[in-house]
Amino acid sequence: MHSLLPWILLPGLTYAVNLKPIDLVQGFKNAVDCDSCHALLVPLKALAELGDSAFVQTLSATCQVLKLEDEDVCVGAIGEQGPILSHVLRNISPFGKTATKLCEGTFGLCQAPAVNTFTIPLSPPGPAAKSPPKSTGRPTFKVVHFSDVHIDRQYVAGSDANCKKPICCRNFADEAKPPREPAGRFGNRNCDSPGGLAKSLLQEIASHLTWSIFTGDVVEAAVWDVNRSEVTSDIGLFNEEIARALKAPVFPAIGNHDSAPVNNFPLDDATASFDAQWVFDLAGKEWTHWTNSTASTQVTHFSGSYSIIAPGTNLRIISINTVYWYKQNFWLYDSDSPVHDPRGILEFLANELQAAEDAGQRAWIIGHMPPGSQDAFSDQSNYYDQIIQRYHKTVAGQFFGHTHYDEFEIAYSDYENRAIDTVISVAWIAPALTPRSGNPALKVYDVDPDTYEIMDSKVYFSNMDDPEYQIKPEWKLYYSARDEYGPLVNLGPTAPLDARFWHAVTEAMEKNETAFQRYNEFMTRGAHVRTCDAGCKKSAICQMRAARAENNCHVARPGLTFGDTERQDGIQTKPMNTPTAPAHPQSQCEGAGMGYLLSQLAGKVAREPKLEERMSRLLSQLETTIPGPRVVDEL
């Protein structure tokens, strides 16, 4: 069998590689822990050295041969994101720290490496860094928080909601006729949001007669079929619908799906064939409806981030692009030299918080991905936490989405002593509109007009099990956080729902099983509820107490091939116990992208060893490119 690549160059090392197709087969098959993941990266790097076309066509054809997904999903997802990963592999050592991060973030086979020590340069506290303002007891005002709408403009009522694709409810050419489960007019739990559901959401938001924050992800999760034209159209259309429906400002943030390919946010504007500036130019233009020309300029020049004073308040809204800290943004693995502040997002945040402090303002930080999420790089989460430590007296709240769950994360001044006396801030995480993750929902905050702290958080939802839902969704109050959790901690009538409150709630949940299981149910708004035992509960409470990623208790569990594992942190421990569980429960926000397909590949090879020969035959035909689908047909 011929050699595919005679030499691979690594920093400081040149060595011969006699790469045979079986090397790649065995690499995937044997990937059971961190060391074997590093070993797998050697043949993957060799494949990448042959060029993007060889890399993409090989993995795409392999995906098809092993029937990981339908042909269009394999070809689309790998074709879009594969060149980025190929570029990354050419630039890094298979055995370096960046490779360990790749094995942790994409494959789940390594533990996250220790944080690269770095101190964010911050101005020392000056005279303006005084204690936060005190409430005078004035009536609260309302702010709506919505997130992760994931509107599928190709949604077709009556199409099959029980299909073979990661996202259903479309007129796929290969779907069952007649449909096994016809999609309803206003959505199905195996599908993203139809346009009618999004309009219903906006009508509900309008009924609250106030301004809103939107923490990202307009575009649906059929990532194999998303391109720049669709993203541009989807974002433009949704912004038009917002402008027509809402008579008050909306302050948005950019989500990881709001680009094409999905998660495509390069570190360098000059990256060949890839660019994200069009996203920032589009957002700057579209968001001018609700911001102003200064914020619009910031969006275009600061990678989607901006700052603005909310109308009629002394509150500075700082929107940041957290996708530059997201593990599925493959560009972040581009080098073995660490980049501490990709695109200067942290510097922008620190400067805006300093401006707020100097002006005697309070600040809300909004973004898509929560900093304590397992999806966040520990390095950037640590550096973000340094900023929160310095400016916590200015920061009145942090607001995120991305997880699709109704959650919160607490920040502490001392993570070795996570106690009520060391709390400094809380991050609010909004539930999603998309039915994939539960019943559609939004949050409405009651806000103190002096301190800008949250006095109550009310979740409104539309119950898809209601017999009238598919005629017209009805939005109802699901629960009030103050009413639900206040009695557990003897909350005073004028006390805010601040970080001290939420830490006390976590202590109550440790002792009160009913309270914790209510929280477990609230996460998905009563749908897709998962069983959560004592170990799961301990991990979930740890996540609540971790607005810094390195402390969220997420542990990769090597020992099985990574295709056999599911997310085992927090609430996502057991398989869903509903008959309408999504096809891909472990990939709520990401969808069936490149990372998801790679995570399935090794398990498929290991579980079906007789496919090894077919895969080997496929790869053995590689010279400089794969002849494409014809090879798959012959197999």
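Only the coordinates and a few stated rules stand behind these numbers; no lab work does. Keep in mind it's a predicted model, so treat the numbers as computed, not measured. Positions of Cβ are backbone-derived with ideal geometry, glycine not excepted, and every protein chain shown enters the neighbour counts.
To make sure I understand, if each residue's beta carbon is the centre and we count other beta carbons within 10 Å, what order do Asp275, Asp234, Asp465 fall in, fewest to most? Present the calculation step by step, with values, prior to reporting the outcome.
Working: Asp275 16, Asp234 21, Asp465 8.
Sorted ascending by nearby Cβ count, the order is Asp465, Asp275, Asp234.
For the chain, find the longest principal axis of its Cα atoms and tell me its angle to the long axis of helix 228-245, 0 to 90°, nearest 10.
It works out to around 20 degrees.
Here are a few candidate values for Cα extents along the principal axes in Å: (1) 75, 56, 54; (2) 89, 62, 44; (3) 80, 60, 51. Which one was actually calculated from the structure I just gave you?
(3)
Exceeding 29 Å between C-alpha atoms, which entries from my cross-link table qualify? They are Lys45/Lys67; Lys164/Lys476; Lys45/Lys538. Could the numbers behind the result be given before it?
Numbers: Lys45/Lys67 24 Å; Lys164/Lys476 33 Å; Lys45/Lys538 39 Å.
Where the Cα-Cα span goes over 29 Å, the pairs concerned are Lys164/Lys476; Lys45/Lys538.
Which lysines have a Cα lying under 16 Å from the Cα of Lys142, excluding residues fewer than 8 positions away in the same chain?
List returned: Lys247, Lys443, Lys458.
Suppose we keep just the DSSP beta bridges with both residues in the chain; what percent of those would be antiparallel, to 5? Please report the intermediate quantities before stating the final value.
Working: 33 of 54 bridges.
Antiparallel: roughly 60 percent of the beta bridges in the chain.
For Lys393, go through the lysines and keep the ones whose alpha-carbon is under 19 Å away, minus same-chain ones fewer than eight residues off.
Those lysines meeting the cut-off are Lys130, Lys134.
Among the GluC sites (Glu not before Pro) within the range 362-441, which fall in a DSSP loop and have no more than 13 other Cβ atoms within 10 Å of their own Cβ?
Loop-located and lightly packed - Glu416.
How large is the helix-only mean residue ellipticity at 222 nm for the chain, computed as the sum of -39500 (n - 2.57) over DSSP H runs with n ≥ 4, divided by its residue count, in deg cm²/dmol to the nearest 500?
-10500 deg cm²/dmol
With a cut-off of 8 Å between alpha carbons and a minimum separation of six or more residues, what is the relative contact order of the chain in percent?
On the way: 1351 pairs, mean separation 120.0, N = 635.
Here the relative contact order equals 19 percent.
Along the three principal axes, how long is the range 14-155 when you take its alpha carbons, biggest first, rounded to the nearest angstrom?
Result for the range 14-155: principal-axis Cα extents of 73, 47, 26 Å.
Quick one: helix 34-49 against the long Cα principal axis of the chain, what's the angle to the nearest 10°, folded into 0 to 90?
70
Taking H as built 1.01 Å from N, whose amide H comes closer than 5 Å to the amide H of Arg362, not counting residues under 5 places away?
Amide H neighbours of Arg362, under 5 Å, 5+ apart: Arg316.
Could you work out the relative contact order of the range 179-336? I mean the mean sequence separation of Cα pairs under 8 Å and 6+ apart, divided by the number of residues, in percent.
Working: 206 pairs, mean separation 29.9, N = 158.
Averaging sequence separation for qualifying contacts and normalising by length gives 19 percent for the range 179-336.
Measure nothing fancy, just the Cα-based angle from helix 513-523's long axis to the longest principal axis of the chain, in degrees from 0 to 90, nearest 10.
Helix 513-523 and the main axis of the chain meet at about 70 degrees.
Arrange the following residues from fewest to most other Cβ atoms within 10 Å of their Cβ: His404, His392.
Details: His404 25, His392 17.
Starting with the residue having the fewest Cβ neighbours, the order is His392, His404.
Suppose we flag trypsin sites (Lys or Arg not before Pro) only when DSSP calls them loop and at most 13 other Cβ atoms lie within 10 Å. Which is the longest uninterrupted stretch of the chain?
On the way: sites that count: Lys67, Lys130, Lys134, Arg180, Lys247, Lys610.
Counting only loop sites that pass the neighbour cut-off, the longest clear stretch is 248-609.
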